[in-house]
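Asker: Before anything else, here's the structure in question.
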Amino acid sequence: MSENPLQVLVQTFEKVSYSIQHHLSSFIDLHLRPASSGKAPIFSISSSSHKSHSLKDDSFVQPIDVLLKAKSATPVTKEELGKATWTFLHTLAAQYPDNPTRQQKKDVKELMGILSRMYPCKECADHFKEVLRANPVQAGSQAEFSQWLCHVHNVVNRSLGKPIFPCERVDARWGKLECEKNACEVVGSTSFDEK
């Protein structure tokens, strides 16, 4: 009997959730705390038949713990948020497929649009909208998307008076994540979309 599609979706969501939480916790120098501490994982959805196949362990960072253990009990700064966002986006670009489906291309473009509308810093979001208008998303392959993102990051850096990153080194800086059994690859349904 084939695996329940909803179960596969939930497992994929948990893997992505773990990856994001792991990298954000590393970014702010916190350690992952096992879920056995009495609190449920933030995004864990489980059933009696659910098995996590590719996670090394079931450790998750709890959002309240991140807030309580941060350097100070103040909200993040625009700079901290920006750095975390760029880290996420470049890591996503590094995992992006070499030959993405139509849906994956659409999703990446939609994600950039959503960021330009919902980013917590309105000034930053408005600036990103302008940057996207002048530099439409290029997501035909992993290399194209990574280079486009590096270029866009440099556009933002120039406007902030920050150093420019050499885009030929983007893969060395934000390369593929080390994951078991390709668990970090961007996964998308290919059943309804064409390449």
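Only the coordinates and a few stated rules stand behind these numbers; no lab work does. Fair warning: this is a prediction, and the values are worked out from it, not measured in the lab. Neighbour counts are summed over all protein chains in view; Cβ atoms, including those assigned to glycine, are modelled from backbone coordinates with ideal geometry.
Asker: Condition first: of a type in the set (Val, Ile, Thr) and not in a helix (DSSP H, G or I). Now tell me which residues in the range 81-132 satisfy that.
Answerer: Within the range 81-132, 101 is the sole residue that qualifies.
Here is a yes/no grid of residues against (1) surrounded by 13 or more Cβ atoms within 10 Å (Cβ to Cβ); (2) touching a residue at least 24 places away in the same chain (Cβ under 8 Å):
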site	(1), (2)
109	yes, yes
117	no, no
124	yes, yes
143	yes, yes
147	yes, no
151	yes, no
176	yes, yes
